[in-house]
Structures are given as C-alpha cells and as structure tokens.
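Visitor: Can you keep this structure in mind? I'll have questions shortly.
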Amino acid sequence: MTLPRYFIDTHCHFDFPPFVHDAQQSIAQAAAHGVRQIIVPAISADRFALVSELAASHPALFAALGLHPLFIDRHDDAALAALADRLRQPDPKCVAVGEIGLDLYMENPRFERQKALLAAQFHLAKQANLPVILHSRRTHDPLAAMLRQHKLPATGVVHGFAGSQSQAEAFIKLGYAIGVGGTITYERAQKTRRTFAALPLSSLLLETDAPDMPLAGYQGQPNRPERAALTFEVLCQLRSEPAEEIAAALNANTRRIFNLPLLADQSEKAM
C-alpha cells in the first residue's frame, strides 16, 4: 500500500511571528497540508535558546544554530563562543549549523569579517559533525571556493538558490544539496525554473524560508511552512519524474543530510 505523501520544510524561521506565538496551531496547519517536519535555523546568538526550546517542545520541529551574515554587526566573539558552547552540548534535535554563509547584497557587507566568521563556523560544524545550512546572495563563487578549502565532512545545503545551473552544479560536485524555494513559483524566474528542471533529483531539498520569500500569488503576506506543498506542485510541473518519485527523493535527501527520524507512520520502503 502506498502511504500518504508528506513534506519536510528544511528552512522555516519558526521562531518569528506569525508562528512563534501560535506554535501548536501553526504546526497543525502545516501538517494539514502534508508538511510534517520543519527545520528552524537561527540567525543570531540571542535566538539560540528560543530555537532550541521550540525544537525540544515540538516533535515536528528541529533546530539549526548559526550566525547569519546579514546580521554581521551583531556577531562578536561572544556570539561565536555562545555557538561553540551550544554545539558542545549533546542535543538530538539540533540537526545543523545554520543559517550561515555570505552576502554581498546588503550595504556595508564587511565581507572579510563575513568570511572569517564563516570559516570559524565551518570549524565548529566539523567539530560537531553537523551539516550546514548556507545563505548565499551574489556570493556563489566565493562560497564554493571556501567550501573547497574547508572540506566539511557532513556537507549540507545551499538554501533559497537562485543562481545559474553551472553554479548549482559546482555546489553539487562538492556534495551539497540545493534548496528549492518559492522563487520557482514565479513565471518570470525562467533561469531558476530551468535550473531546477535540470538538476539531479538526488540533490534537491524543499524549503520555504517562511515568513520570508512569499510565493507567487501571496506577495505581501507572510510565507508559511504549509506552502512548501505548493512549491512542490510547481516543481512537479517543471520535472519529468512522477510526483511520488519526486516527493520520496526530497524526503530521502533531507533525512540523509540532516539525519531526521522517520515519522511513526512511514517506512523506508514507502519513502
């Protein structure tokens, strides 16, 4: 018997409104649309406790801890020490180091500081043997160069990808997955849509970046984890494989990278 399809949102900032003050209802609403597991990446040290608490309190949620490059001015030596301390503490619900990475889109990016901070977090990820969740805007080539240099054993995902097919393939060659988000729901995003139609299915993960990155038709509204199901529908339109094969691959890829547990009503055979 074929078991019901389900989805994993590999990137949702559940520690922010509109989710954090209504966590149980938001989890139930996501599950009603088939999104039954959610990874919550932190952005700064002052969010670590809340992200960890959410993951500990809700079976559907999993934590990632990291220092986001957009908030580089917040990330002092104490923040890095706090991350190191957290990662030294065994926590089965902490499945990645993230959201970390590089960003050249913002004003005054302090890029050398970004790179130094990222290198330090790569070191911590190696020590903890955890994958990384990578942010990259206008930085795909320097990020790939740093990944080649640091050779992380657990690899990870480049999230919210909107670069070229050749840039995606460079990350895949290094062992990294590529995050499929709401960008593909926009007809005008032809380059990104062609890229996700062509990349190997074994390298794709599903994500929302909620409450950011609204899907087409939902502009001006907070994004939500259940809309991963809508992104999945568009991905199925772009690709040639059957929908069940795509769903199974996305889940298998996610469990492989982040070591997520199977749901109680799922089996390896069904996935």
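Visitor: Whether any residue in the stretch 73-84 is assigned to a loop (DSSP other than H, G, I, E, B) and surrounded by fewer than 22 Cβ atoms within 10 Å (Cβ to Cβ) is what I want to check. Give the steps one after another, and end with the answer.
Guide: Filtering the stretch 73-84 for residues assigned to a loop (DSSP other than H, G, I, E, B) gives 75-76.
With the extra rule that they be surrounded by fewer than 22 Cβ atoms within 10 Å (Cβ to Cβ), the set shrinks to 76.
Within the stretch 73-84, one or more residues are assigned to a loop (DSSP other than H, G, I, E, B) and surrounded by fewer than 22 Cβ atoms within 10 Å (Cβ to Cβ).
Visitor: Taking the stretch 200-249 only, how many residues are part of a loop (DSSP other than H, G, I, E, B) and touching a strand residue (DSSP E or B) at 6+ places or on another chain (Cβ under 6 Å)? Break it down into steps so the answer makes sense when it comes.
Guide: Kept after step one, since they are part of a loop (DSSP other than H, G, I, E, B), are these residues of the stretch 200-249: 200, 207-209, 211-224, 239-242.
Then drop every residue that is not touching a strand residue (DSSP E or B) at 6+ places or on another chain (Cβ under 6 Å), which leaves 207-208, 223-224.
So the answer is 4.
Visitor: Look through the stretch 254-270, keep the residues that are of a type in the set (A, V, I, L, M) and closer than 18 Å to HIS58 by Cβ, and return whichever of them is modelled with the lowest pLDDT. Spell out how you get there, then give the answer.
Guide: First, pick out the residues of the stretch 254-270 that are of a type in the set (A, V, I, L, M): 257, 260, 262-264, 270.
Then keep just the ones that are closer than 18 Å to HIS58 by Cβ; that gives 260, 262-264.
Working: LEU260: 96, LEU262: 88, LEU263: 83, ALA264: 74.
The residue in question is ALA264.
Visitor: Looking only at the stretch 212-224, count how many residues are buried (at least 21 other Cβ atoms within 10 Å of the Cβ) and farther than 14 Å from HIS13 by Cβ.
Guide: Going through the stretch 212-224 one residue at a time, the tally reaches 1.
Visitor: Something else about it: Among the residues in the stretch 2-13, are any on the phi < 0 side of the Ramachandran plot, surrounded by 24 or more Cβ atoms within 10 Å (Cβ to Cβ) and of a type in the set (D, E, K, R)? Can you show your working first?
Guide: To start, the set of residues in the stretch 2-13 that are on the phi < 0 side of the Ramachandran plot comprises 2-13.
Retained after the next criterion (residues that are surrounded by 24 or more Cβ atoms within 10 Å (Cβ to Cβ)): 7-12.
Of the ones still in play, those that are also of a type in the set (D, E, K, R) are 9.
Looking through the stretch 2-13, at least one residue is on the phi < 0 side of the Ramachandran plot, surrounded by 24 or more Cβ atoms within 10 Å (Cβ to Cβ) and of a type in the set (D, E, K, R).
Visitor: Only one of (1) at pLDDT 95 or above; (2) farther than 24 Å from ALA210 by Cβ is not met by ASN108, so which one is it?
Guide: (1)
Visitor: Please enumerate the residues belonging to the stretch 47-94 that are among the aromatic types (Phe, Trp, Tyr) and farther than 25 Å from ILE27 by Cα.
Guide: First, the residues of the stretch 47-94 that are among the aromatic types (Phe, Trp, Tyr): 48, 62, 71.
If the condition is that a residue be among the aromatic types (Phe, Trp, Tyr) and farther than 25 Å from ILE27 by Cα, then PHE71 is the only one that fits.
Visitor: Next up: How many residues does the stretch 191-231 contain that are at positive phi, of a type outside the set (D, E, K, R) and within 16 Å of the chain's Cα centre (by Cα)?
Guide: Going residue by residue through the stretch 191-231, those that are at positive phi are 209, 213, 217, 220.
Those left that are additionally of a type outside the set (D, E, K, R): 213, 217, 220.
From what is left, the residues that are within 16 Å of the chain's Cα centre (by Cα) are 213.
Counting residues in the stretch 191-231 that are at positive phi, of a type outside the set (D, E, K, R) and within 16 Å of the chain's Cα centre (by Cα) gives 1.
Visitor: On to the next question. Quick one: in the stretch 85-99, which of the residues that are in contact with a Ser or Thr (Cβ under 8 Å, 6 or more places away or on another chain) and of a type outside the set (Asp, Glu) is surrounded by the fewest Cβ atoms within 10 Å (Cβ to Cβ)? Working first, answer last.
Guide: As a first pass, look at the stretch 85-99 and keep what is in contact with a Ser or Thr (Cβ under 8 Å, 6 or more places away or on another chain): 86, 91, 93-94.
Now narrow it down to the ones that are of a type outside the set (Asp, Glu): 86, 93-94.
Numbers: ARG86: 21, LYS93: 17, CYS94: 22.
Result: LYS93.
Results for (1) in contact (Cβ under 8 Å) with a residue 40 or more places away in the chain; (2) buried (at least 23 other Cβ atoms within 10 Å of the Cβ), shown as yes or no for each residue.
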| position | (1), (2) |
| --- | --- |
| PRO18 | yes, no |
| GLN25 | no, no |
| ALA32 | yes, no |
| PRO41 | yes, yes |
| ALA45 | no, no |
| SER52 | yes, no |
| SER57 | no, no |
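Visitor: Which residues, taken from the stretch 100-126, are surrounded by 14 or more Cβ atoms within 10 Å (Cβ to Cβ) and of a type in the set (Asp, Glu)?
Guide: Scanning the stretch 100-126 gives a single hit, ASP103.
Visitor: Which residue out of ARG227, ARG193 is of a type in the set (Lys, Arg), crowded, with 16+ Cβ neighbours inside 10 Å and more than 21 Å from SER26 (Cβ to Cβ)?
Guide: On the way: ARG227 fails: more than 21 Å from SER26 (Cβ to Cβ).
Only one candidate passes the filter, namely ARG193.
Visitor: Continuing with this model, one more query. Only one of (1) part of a helix (DSSP H, G or I); (2) small (Gly, Ala, Ser); (3) buried (at least 18 other Cβ atoms within 10 Å of the Cβ) is not met by ALA63, so which one is it?
Guide: With respect to (1) part of a helix (DSSP H, G or I); (2) small (Gly, Ala, Ser); (3) buried (at least 18 other Cβ atoms within 10 Å of the Cβ), ALA63 is out only on (1).
Visitor: Among the residues in the stretch 3-19, are any outside any helix (DSSP H, G or I), among the basic types (Lys, Arg) and touching a helix residue (DSSP H, G or I) at 6+ places or on another chain (Cβ under 6 Å)? Quick ask: steps written out before the conclusion?
Guide: At the first step, the residues of the stretch 3-19 found to be outside any helix (DSSP H, G or I) are 3-19.
Remaining after also requiring among the basic types (Lys, Arg): 5.
The next check asks that each one be touching a helix residue (DSSP H, G or I) at 6+ places or on another chain (Cβ under 6 Å); those that pass are 5.
Looking through the stretch 3-19, at least one residue is outside any helix (DSSP H, G or I), among the basic types (Lys, Arg) and touching a helix residue (DSSP H, G or I) at 6+ places or on another chain (Cβ under 6 Å).
The values are calculated or read from the model by the stated rules, or taken from the named source; none is laboratory data. Remember, predicted model here, so these are calculated numbers, not experimental data. Don't worry about glycine lacking a Cβ; one is built from the backbone with ideal geometry, like all the others, and counts go over all protein chains shown.
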